[in-house]
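Presented below is the structure to which this report refers.
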Amino acid sequence: MVKKRNFGSMKNDSQSYWNQRYKNGQTGWDIGAVSTPIKEYIDQLNSKELKILIPGAGNAHEAQYLFENGFNDVHLIDIAPLAIDNFRMRCPDFPSQNIIQGDFFEMTGQFDLILEQTFFCALSPEMREKYVLKMHDLLTADSKLVGLFFNCQFEINPPYGGDQKLYEALFQTLFKIELIEKCHNSIKPRVGKELFMIIKKETIEQQFDKSNRINKA
């Protein structure tokens, strides 16, 4: 039986819910540093001019790592004010205009790369299609969503789990899935529980061509 975490009447997609999690120190998703898979992906990037977004960033260890390694166009957003305050205190030199406290689904602009790290799994399943549409909207042409997605289920939600079949069904209409594989360099507590994904935005023309190929098959 799946159980939901209870913080009174707060919805688990609300600012109050997530702020309370930070206030109570109930942040089990936070490993205290950038995860190995994300770090190794960042380390192989050729351009430090990329405009990068980290949604649902929390304590934003990924943003800190990027900034400390010469990426100057890094943006982050989180709904919880305490998470944003934590980051500002930890990284006082990070460009303040690139730190956003607010709702990801109300965000505007476009990015060359979006990094996913325990944001998708925090959203209720009914929000997943909206997540896909918003990611497509925020990415520039031929740019990518890259990151970690859970390959398991959880007894208490959030986090919400998933599997490869689910992710393929969600993303394949608007994106080209360049890579989806079991993560080989997860941190020890998550070994066997994560998929690493690289998903490329497709243009309307590419979607049309793909649809035609499928119809002719």
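Summary table
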{"read-out": "Test: residue in the range 98-105 that is in contact with a Phe, Trp or Tyr (Cβ under 7 Å, 6 or more places away or on another chain), within 21 Å of N19 (Cα to Cα) and either touching a residue at least 24 places away in the same chain (Cβ under 8 Å) or in a strand (DSSP E or B) (or both)", "value": "yes"}
{"read-out": "Residue within the range 155-166 that is surrounded by fewer than 19 Cβ atoms within 10 Å (Cβ to Cβ), among the basic types (K, R) and under 20 Å from L179 (Cβ atoms) present", "value": "yes"}
{"read-out": "Residues of the range 127-152 that turn out to be of a type outside the set (D, E), out of contact with any Gly (no Cβ under 8 Å at 6 or more places or on another chain) and more than 24 Å from L45 (Cβ to Cβ), as a count", "value": "4"}
{"read-out": "Residues of the range 45-97 that turn out to be of a type in the set (K, R) and closer than 25 Å to S16 by Cα, as a count", "value": "2"}
{"read-out": "The one condition in (1) within 14 Å of the chain's Cα centre (by Cα); (2) loosely packed, with under 14 Cβ neighbours inside 10 Å; (3) within 21 Å of S35 (Cβ to Cβ) that Y131 fails to fulfil", "value": "(2)"}
{"read-out": "Number of the exception - E155 against (1) modelled with pLDDT under 95; (2) more than 29 Å from N24 (Cβ to Cβ)", "value": "(2)"}
{"read-out": "Scope the range 44-65; condition under 17 Å from G109 (Cβ atoms) and under 18 Å from the mean Cα position of the chain (by Cα); matching residues", "value": "L50, K51, I52, L53, I54, P55, G56, A57, A63"}
{"read-out": "Failed condition for T108, given (1) part of a loop (DSSP other than H, G, I, E, B); (2) buried (at least 16 other Cβ atoms within 10 Å of the Cβ)", "value": "(2)"}
{"read-out": "Within the range 176-204, tally of residues that are touching a residue at least 60 places away in the same chain (Cβ under 8 Å) and in contact with a Cys (Cβ under 7 Å, 6 or more places away or on another chain)", "value": "2"}
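The values are calculated or read from the model by the stated rules, or taken from the named source; none is laboratory data. Only a predicted model underlies this, so the values are computations on that prediction, with no experimental measurement involved. When we count neighbours, we look across all protein chains shown, and the Cβ atoms used for this are built from the backbone with ideal geometry, even at glycine.
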